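Encoded as structure tokens, the structure appears first; notes follow it.
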Amino acid sequence: MAPNYGGNSLTSQVRKQITVLSGKGGTGKTTFTGALAQLSSPIALLADCDVDAPNLHLLLNPINTSSERFFSGKLAVKDESKCTSCGTCLDLCRFDGISSDFEIDPFHCEGCGVCAWACPDKAIVLEVQASGTIYEAKTRFGPLIHARLDIGAENSGKLVSEVIQKSHDNAHHLQKELIIVDGSPGIGCPVIAALANASLVIIVVEPTSTAIHDMKRTIELVRFFKLPLAVVINKATINEDQRVNIIRFCEDEGITILGELPYIMDIYRAMVNRQTVIEYGIQGLKDPLKEIWLKISNILDLNRE
């Protein structure tokens, strides 16, 4: 099962978590999450777990109140004063991490440690590297935990795990009933990490063949961890045949469809103005979004007063 953070001090009666995912990028996952953030205020804490390409902040205009560097992964570092250029490291490295003049290439080094282990002069050591930053912030809809992976850095899954952990710690401290997680597209490590502690996984899909294919992969992943899931059809009006395919698939698989949202060009104007679609007052979206939120609240037995 997906890992569970928080221990006994954080009870499920106090804190529940919605993780919003999409099989592919561009389905409207973050736009939907932003609307949920507005509808769930003030009972929710928000978390952006798309650390490789975060964009929830573009809608929420957060004011960062604190930041801390995230350290993960190791890199070989050479002590020039000890190196005798014996070539042992060059012979053993299988990742082209050491050049012919015995310099370490940080972009190719995998941090495996064989060079440090084999160096007869102990001229190489492994050092833990800073690879990202985690932020605590305030938004008009409540607190936000978000992070950004450094350019070229690895271990995005571990950084997401830190964001989830900090979100639950802060939700407990602030007595927030709900955490809303904006996950990343796909089925990789960052997505798996964002599933930790999820009470409900919502998959946002658009009616295209690519999105449906990737939705099915995401559903398979969520089911592997035995987590409750539901689907929201976004841009539902762009392709009626594919929309019907999504509905039939969900019916056959026993998956709840929380609702359908039509494709409306004003969504992009709302994004440019850094507003949610509800704030921007887009006709045709406010009511179905409220209905979806009501269904979510009933599923999770949330306090809506």
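Structure above, values below:
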{"item": "Helix axis angle, 286-300 relative to the chain longest principal axis, alpha carbon, degrees", "result": "70"}
{"item": "The range 50-107-the range 184-221 distance, computed between alpha-carbon centres (Å)", "result": "29"}
{"item": "Cut-off under 5 Å, modelled amide H: who pairs with G132 long-range", "result": "F70, D150"}
{"item": "Angle in degrees between helix 156-174 and the longest Cα principal axis of the chain, rounded to the nearest 10", "result": "50"}
{"item": "Candidates C250, C189, C112: whichever shows maximal mean-square fluctuation once the chain is modelled as a Gaussian network with Cα springs under 10 Å", "result": "C112"}
{"item": "Descending Cα extents along the principal axes, the chain, whole Å", "result": "72, 44, 38"}
{"item": "Among A37, A147, A130, residue whose mean-square fluctuation peaks in a GNM of the chain (springs only between Cα atoms under 10 Å)", "result": "A130"}
{"item": "Isolated Cys in the chain, by beta carbon distance under 4.7 Å", "result": "C49, C83, C86, C93, C109, C112, C119, C189, C250"}
{"item": "Gaussian network model of the chain, springs between alpha carbon atoms under 10 Å - residue of L144, L36, L75 with greatest fluctuation", "result": "L75"}
{"item": "Estimated FRET transfer efficiency (L58, Y263; beta-carbon r; R0 22 Å; 0.05)", "result": "0.65"}
{"item": "For I179, distant residues with modelled amide H under 5 Å away", "result": "K16, Q17, I18, L45"}
{"item": "DSSP beta bridges in the chain [antiparallel fraction, %, rounded to 5]", "result": "45"}
{"item": "³J(HN,Hα) computed for each position of the range 139-148 - Karplus, 6.51 cos²θ - 1.76 cosθ + 1.60, integer Hz, glycine/proline x", "result": "10, 5, 10, x, x, 9, 10, 9, 8, 9"}
{"item": "Rounded tilt (10° steps) of 209-224 against the dominant C-alpha axis of the chain", "result": "80"}
{"item": "E68-S85 pseudo-label distance in nm [points 7 Å out on the Cα-to-Cβ vector]", "result": "4.5"}
{"item": "Whole-Hz ³J(HN,Hα) from phi, Karplus 6.51 cos²θ - 1.76 cosθ + 1.60, for the range 31-38, glycine and proline x", "result": "4, 5, 4, x, 5, 4, 4, 5"}
{"item": "At most 13 other Cβ within 10 Å, DSSP loop - trypsin sites (Lys or Arg not before Pro), the range 47-116", "result": "K82, R94"}
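Every read-out reported here was derived from the displayed coordinates using simple, explicitly stated rules and does not represent laboratory data. Values in this document were obtained by computation on a predicted structure and should not be read as measured data. Glycine also receives a Cβ, built like all others from the backbone with ideal geometry; neighbour counts cover every protein chain displayed.
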